[in-house]
Each structure stands twice: as structure tokens, then as C-alpha cells.
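The values are calculated or read from the model by the stated rules, or taken from the named source; none is laboratory data. On a predicted model such as this, the values are computed, not experimentally measured, just so you know. When we count neighbours, we look across all protein chains shown, and the Cβ atoms used for this are built from the backbone with ideal geometry, even at glycine. We work out accessible area using only protein heavy atoms, side chains counted, and drop any ligands, DNA or RNA first. Shrake-Rupley method; radii C 1.70, N 1.55, O 1.52, S 1.80 Å.
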Amino acid sequence: MQTNQNTKEKVFIGPVTDFEKEGGVSAKIGSKQIAIFYFESKDEWYACDNACPHTGDMVLSRGLLGDSNGEPKVVCPLHKRNFSLQTGECLSDENYKVNLYQVIVENGSVYIEVDPSLLQSPGLLS
């Protein structure tokens, strides 16, 4: 783990080859589950809370990926709520929002930047 100048910790999640193309996986960092998405077609990475804020179910990593007017989004597989992967906001004008996390890809490895308070155990893919 490394600390950057913004007091975030860079946490190793796994090798790029462990990630589904055009899909998501979840990683547990401390007690927090984070969904990480790889849009291979755009070569873009995003991460957000894995918990759907509507019910708290840990399902967003299994959600459908897409875009809304060019804005990347994930759709909750249970309740079909759409969340922007650029702002975290619910795109159906509801008062739900997910936290977003910076994804860093270096030398074939994927890292997430998180607040140091989340760190209680190493990240694990699931």
C-alpha cells in the first residue's frame, strides 16, 4: 500500500487478468465491499460501493453495464436502478447515491485508492 498526497491509500486488488471484460467483480477492503468494473471496449475502469443504496444488498458488481448519453453506468440487478459511474448519483432522479473510488492500473495490476480508515484487511477478489 502507498499513501498519496491526498491522504488516500493505494490498495492492490489483483492482476488485470482476474477481471471480467465488460463486467464487474467485488473486492473487500476492510469491512467495505467495492465493485470494480472494466469497460474493455473503452479501456476504462470504475469502482463504486458494491451495496445498492436502495436496500443495502451487495449486488452492484453483478449489475449490467452500459451508458446513458455517453455517461457510464451500472444497473442494479435486483431493482433496476441506474447509477452513474462518474458521479455516483442515481440516474432515475431518486435520492440514492453510491460512493466512487479511483481505479489505478499499473504494470498489469489493479489498485483502488481509498480512505485509510477503510484499511483493516487486504483486498480480495470475489
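Values for this structure:
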{"quantity": "Top-ranked residue of the range 31-53 - restricted to ones that are in a loop (DSSP other than H, G, I, E, B) and acidic (Asp, Glu), ranked as most open to solvent (accessible area, probe 1.4 Å)", "calculated": "Asp43"}
{"quantity": "Candidates Gly56, Gly66, filtered to the one that is open to solvent by less than 60 Å² (accessible area, probe 1.4 Å), of a type outside the set (Ser, Thr, Tyr), in a strand (DSSP E or B) and at pLDDT below 95", "calculated": "Gly66"}
{"quantity": "The range 55-81 residues that are small (Gly, Ala, Ser), paired with ones that are surrounded by 19 or more Cβ atoms within 10 Å (Cβ to Cβ) and not in a strand (DSSP E or B) (beta carbon under 8 Å, 6 or more apart)", "calculated": "Ser61/Asn50; Gly63/Cys76"}
{"quantity": "Yes/no for Gln86 being surrounded by fewer than 17 Cβ atoms within 10 Å (Cβ to Cβ), under 15 Å from the mean Cα position of the chain (by Cα) and not in a strand (DSSP E or B)", "calculated": "yes"}
{"quantity": "Complete set of residues in the range 47-59 that are farther than 18 Å from Pro15 by Cβ and out of contact with any Gly (no Cβ under 7 Å at 6 or more places or on another chain)", "calculated": "Asp49, Asn50, Ala51, Cys52, Pro53, His54, Thr55, Gly56, Asp57, Met58, Val59"}
{"quantity": "Some residue of the range 18-30 being part of a strand (DSSP E or B) and within 15 Å of Lys97 (Cα to Cα)", "calculated": "no"}
{"quantity": "Qualifying positions in the range 1-20 - basic (Lys, Arg) and either buried (at least 20 other Cβ atoms within 10 Å of the Cβ) or at pLDDT below 90 (or both)", "calculated": "Lys8"}
{"quantity": "Whichever residue in the range 97-126 is part of a loop (DSSP other than H, G, I, E, B), more than 24 Å from Thr55 (Cβ to Cβ) and open to solvent by 80 Å² or more (accessible area, probe 1.4 Å) and, among such residues, is modelled with the highest pLDDT", "calculated": "Asn107"}
